[in-house]
Structure formats: structure tokens, C-alpha cells
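*Asks:* Before anything else, here's the structure in question.
The values are calculated or read from the model by the stated rules, or taken from the named source; none is laboratory data. These numbers were taken from a predicted model, which means no experiment stands behind them. A quick note on method: Cβ atoms are made from the backbone with ideal geometry, for glycine too, and the neighbour counts reach across all protein chains shown. Calculation scope for accessible area: heavy atoms of the full protein, side chains included, ligands and nucleic acids excluded. Shrake-Rupley method; radii C 1.70, N 1.55, O 1.52, S 1.80 Å.
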Amino acid sequence: MIVGVLALQGGVEEHLTALEALGATTRKVRVPKDLDGLEGIVIPGGESTVLDKLARTFDVAEPLAVLISNGLPVFATCAGLIYLAKHLDNPARGQQTLEALDVVVRRNAFGTQRESFDTTVDVSFDSAAFPGVQASFIRAPIVTELGSTTEAIAVLNGGEVVGVRQGNIIALSFHPEETGDYRIHQAWLDLVRKRIELAI
């Protein structure tokens, strides 16, 4: 099993560290050929507008969108959630997304860098519960609307949806890779393995 990390910008190394600590074989993805043979991909946090521009510049956006629409498992954090969303309620001028996740997302919902914070979040999906996940919110987005095929898997005490699941996609507003809490990475890798087993 080879898992890619979109390595154009943002928290690439932190995700590589997490995945490799869990025994996954990883590959940095920058250009279309890097997508060949992947069983899953992580889209890290960073600057969603920069991520969008670089993905189009390196011609990786379109083939990545096709693979995701065909079922490639994705784990996304922060800017990665924004980049996956079908709709943004406050996009930057000219900003594009992969339009893979049936949600509406609000960028920078908690304010500027100075309003960044750490907390714990309960995450649950597929009858599994992950209480008290260590979560770092850095200029984080929230999900303001869910499509019919998307479920909330993490909600803050104020009611803000900060984690969603849609089929093979898990997307979070926060950064578990920054805190060393790799339980969601492991749960996603388990989804990838199940998909491989079903295909055999």
C-alpha cells in the first residue's frame, strides 16, 4: 500500500511523519505521474488559495479530482478540507476547488492566526469513537452545510462542524498531525486497507 501526500505547500512533513509512524509507505505528490499506483492521498493544511494555484500550475488538480471521483480515499486537514469542498461561502477571488466533497465551507471561520487554539475533539464514524482527539485549529474553516451523502463526524461545543465523512473521504478542520494524536490517521489507513481487500 502506497499513500501519497500532496506536497505542494503546507504541513507535508507532519503528515509523512504520522503515516510512516503507523507503518504506511508514503510518496510526495507534486505532478501527475506521482499519482500512479496510489491507494490513498492526504491533502494537508496550509494556504488553500496557494494550494489551488500550485495544483493547477503543476497540472495535478484535474487528474487528482478524477481519481477522487472514482473512489480514491482522501484524508484532508484544514486547507485540505477547503480544497475538497464543492462550495465555499467566502472564496478568495478566482479560487477553485476539487469539488469532491458535498459541503459548504467557510474559510478562516475562527479568525486570524492570533485566534488559533488547541483543544480536544470527539470524533466518531463507522461505529467507532475517538474521544478527546488532540486538535490544533490554525485559521481553521468550518462546514456550514452538509450534502445528503456527507455526515458530520466532529462537532465543537458551540455546534461548529469541524469534521466530515463522505464515503472514502475524511476531512477535518483541525490538525491532529500537529499534536501527535494519530488515531484518525490510523482509522483512515484502516479504510484504505479495507478498500484494497474488497478489491482483491
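*Asks:* Got a number for carbon plus sulfur as a percent of the chain's accessible area, 1.4 Å probe?
*Replies:* On the chain, the fraction of accessible area on carbon and sulfur atoms equals 47 percent.
*Asks:* Another question, then. Give me log10 I(q)/I(0) at q = 0.17 Å⁻¹ for segment 14-142, Debye formula, one equal scatterer per alpha-carbon, no solvent.
*Replies:* The calculated log intensity ratios at q = 0.17 Å⁻¹ are -1.03.
*Asks:* Here's a follow-up. From the cross-link list Lys28/Lys86; Lys28/Lys194; Lys28/Lys53, which pairs have alpha carbons spaced over 20 Å apart?
*Replies:* Violating the 20 Å Cα-Cα cut-off are Lys28/Lys86; Lys28/Lys194.
*Asks:* Given an 8 Å cut-off on Cα distances and at least 6 residues of separation, report the relative contact order of the chain as a percent.
*Replies:* Answer for the chain is 18 percent.
*Asks:* Another question, then. Stokes-Einstein at 10 °C, 1.306 mPa s, Kirkwood radius from Cα pairs: D for segment 160-200 in µm² s⁻¹?
*Replies:* Taking Rh from Cα pairs, D becomes 139 µm²/s.
*Asks:* Rank these residues by their accessible area, most exposed first, probe 1.4 Å: Ile153, Ile138.
*Replies:* Ile138, Ile153
*Asks:* If you stretched the chain out fully between Asn108 and Asn70, how much longer would it get, using 0.36 nm times the residue separation minus the C-alpha to C-alpha distance?
*Replies:* The Asn108-Asn70 span can extend by a further 10.7 nm.
*Asks:* Determine the per residue accessible area of segment 27-151 with all protein chains present and a 1.4 angstrom probe, expressed in square angstrom.
*Replies:* Roughly 48 Å² per residue, with all protein chains present.
*Asks:* Would you mind putting 160-173, 113-126, 34-47, 73-86 in packing order, based on average other-beta-carbon counts within 10 Å, highest first?
*Replies:* By packing density, highest mean first, the sequence is 73-86, 160-173, 34-47, 113-126.
*Asks:* A further question follows. If each DSSP helix of 4+ residues adds -39,500 (n - 2.57) and the sum is divided by the residues in the chain, what number results at 222 nm, nearest 500 deg cm²/dmol?
*Replies:* Computed mean residue ellipticity for the chain: -7500 deg cm²/dmol.
*Asks:* Something else now. What residues from segment 182-199 fall in the zone where the backbone N is under 14 Å from a label point 7 Å along the Cα-to-C-beta line of Thr17?
*Replies:* Those under the cut-off are 182.
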